[in-house]
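Participant: What follows is a single structure, and I will ask about it in a moment.
The values are calculated or read from the model by the stated rules, or taken from the named source; none is laboratory data. Keep in mind that this is a model prediction, so the values were computed, not measured. Cβ coordinates were reconstructed from backbone atoms using ideal geometry, including for glycine residues, and neighbour counts include every protein chain displayed.
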Amino acid sequence: MTVSLRDVRMIYRTGPRPVPALDGVSVRFPPATFSAVMGPSGSGKSTLLHCAAGLERPTGGTVSIAGTTLGDLGETALTRLRRDRIGFIFQAFNLVSSLTAAQNVALPLRLAGRRPAAGAVTAALAEVGLADRAGHRPSELSGGEQQRVAVARALITRPAVIFADEPTGALDNRTSRQVLELLRALVDEHGQTIVMVTHDPVAAAVADRVLMLADGRLAGEFTEADAGAIA
Ligand code: ADP
Ligand code: ADP
């Protein structure tokens, strides 16, 4: 599934003066591609991710996911598209502390009014290497394990696109690597589209391409081929 942005602009008008967060960004995120978005704090990375994922509506330009223009959808249709076709992974895991790992993983299906197919939750936990932790609550899991539960939760609806906002931001090197390998495998083995905002050069190195944002504009793009050329 391709996510494409055309001349996307976002001006926040909540404060005393308008803040231009995105200033005409055009970019495509094709299937089976792992893209990293980097840039200084305040350069518009989160805003770009939120607009691309249909969490926020840009003030200009268009975002389309698998050929559907998000601006043409009403709130209900947009919510349904997010729920059924997109997975989200956050820096802070965002697990529900009173639920077990298995219940957290099942949550997106429950919220959609669906019952997980027999074995689906176990299979998702097995895919992230946590089959034996199904009954544990977040407080009984390490940070890396919690993030892997969050990855399993993002996968349970089999989304074709995953948006990740600083997924390794709260993890140490070793657990970061496990989560990154997991994301990499999704792209290589299932053709998923991944868009990841990160400050972490180790995380960016796992991506196929790195987009640099500065002052709400795309300031550059590096691919593996460039890295080879530089090396
Ligand atoms: P980054 O993720 O690169 O740190 P953001 O996308 O969070 O950048 O922010 C880009 C700019 O937009 C910043 O100047 C920020 O202060 C502003 N901004 C972000 N969200 C809001 C908001 N909800 N209301 C007003 N300004 C915002
Ligand atoms: P197909 O493999 O024929 O594309 P699937 O139903 O297996 O059909 O996949 C539908 C979507 O779910 C695809 O976009 C794929 O990227 C994703 N997907 C498939 N298998 C997995 C998996 N094990 N984990 C996460 N996502 C998956």
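Participant: Which of the residues belonging to segment 15-59 are basic (Lys, Arg) and free of Cβ contacts under 8 Å to residues at least 12 places away in the same chain?
Facilitator: Arg17
Participant: From the list Ala126, Ala164, which one is under 21 Å from the mean Cα position of the chain (by Cα), at pLDDT 90 or above and surrounded by fewer than 23 Cβ atoms within 10 Å (Cβ to Cβ)?
Facilitator: Answer to the check: Ala126.
Participant: Name the single residue that is nearest to Ile162 (Cα to Cα) among those in segment 31-49 being among the β-branched types (Val, Ile, Thr) and more than 16 Å from ligand 2 (Cβ to nearest atom).
Facilitator: Here the residue is Val37.
Participant: Out of everything in segment 1-18 that is surrounded by 15 or more Cβ atoms within 10 Å (Cβ to Cβ) and more than 25 Å from Gln192 (Cβ to Cβ), what residue ends up being nearest to ligand 2 (Cβ to nearest atom)?
Facilitator: Met10
Participant: Ser41 fails exactly one of the following numbered conditions: (1) outside any strand (DSSP E or B); (2) buried (at least 19 other Cβ atoms within 10 Å of the Cβ); (3) of a type in the set (S, T, N, Q). What is the number of that condition?
Facilitator: The failed condition is (2).
Participant: When you go through (1) under 24 Å from Cys51 (Cβ atoms); (2) at pLDDT 90 or above; (3) not aliphatic (A, V, I, L, M) one by one for Thr157, which number turns out not to apply?
Facilitator: For Thr157, the failing item is (2).
Participant: Between Leu171, Leu211, Leu180, which is more than 16 Å from ligand 1 (Cβ to nearest atom) and touching a Gly at 6+ places or on another chain (Cβ under 9 Å)?
Facilitator: The match here is Leu171.
Participant: Answer with yes or no whether Pro116 is assigned to a helix (DSSP H, G or I), at negative phi and buried (at least 16 other Cβ atoms within 10 Å of the Cβ). Steps first, answer last, please.
Facilitator: Details: assigned to a helix (DSSP H, G or I): no; at negative phi: yes; buried (at least 16 other Cβ atoms within 10 Å of the Cβ): yes.
In short, no.
Participant: Might you check whether a residue that is closer than 26 Å to Gly42 by Cα, more than 16 Å from ligand 2 (Cβ to nearest atom), in contact with a strand residue (DSSP E or B) (Cβ under 9 Å, 6 or more places away or on another chain) and not hydrophobic (A, V, I, L, M, F, W, C) occurs anywhere in segment 201-209?
Facilitator: There is at least one residue in segment 201-209 that is closer than 26 Å to Gly42 by Cα, more than 16 Å from ligand 2 (Cβ to nearest atom), in contact with a strand residue (DSSP E or B) (Cβ under 9 Å, 6 or more places away or on another chain) and not hydrophobic (A, V, I, L, M, F, W, C).
Participant: Then there is this: Based on what the data block shows, is Arg82 charged (D, E, K, R) and either crowded, with 17+ Cβ neighbours inside 10 Å or in contact (Cβ under 8 Å) with a residue 12 or more places away in the chain (or both)?
Facilitator: Numbers: charged (D, E, K, R): yes; either crowded, with 17+ Cβ neighbours inside 10 Å or in contact (Cβ under 8 Å) with a residue 12 or more places away in the chain (or both): yes.
Yes: the conditions hold for Arg82.
Participant: Can you confirm whether Ser64 is part of a strand (DSSP E or B) and over 20 Å from Asp215 (Cα atoms)?
Facilitator: yes
Participant: Quick check on my filter: what residues within segment 206-223 are out of contact with any helix residue (DSSP H, G or I) (no Cβ under 6 Å at 6 or more places or on another chain), buried (at least 20 other Cβ atoms within 10 Å of the Cβ) and of a type in the set (A, V, I, L, M, F, W, C)?
Facilitator: Selection gives Ala207, Leu211, Leu218.
Participant: With the structure loaded, tell me whether Val187 is in contact (Cβ under 8 Å) with a residue 60 or more places away in the chain, under 28 Å from Gly44 (Cα atoms) and assigned to a helix (DSSP H, G or I) or whether it fails that test.
Facilitator: Here the answer is yes, as Val187 does meet what is asked.
Participant: If we scan segment 197-205, do we find a residue that is within 16 Å of ligand 1 (Cβ to nearest atom), assigned to a helix (DSSP H, G or I) and touching a helix residue (DSSP H, G or I) at 6+ places or on another chain (Cβ under 9 Å)?
Facilitator: Checked segment 197-205: at least one residue is within 16 Å of ligand 1 (Cβ to nearest atom), assigned to a helix (DSSP H, G or I) and touching a helix residue (DSSP H, G or I) at 6+ places or on another chain (Cβ under 9 Å).
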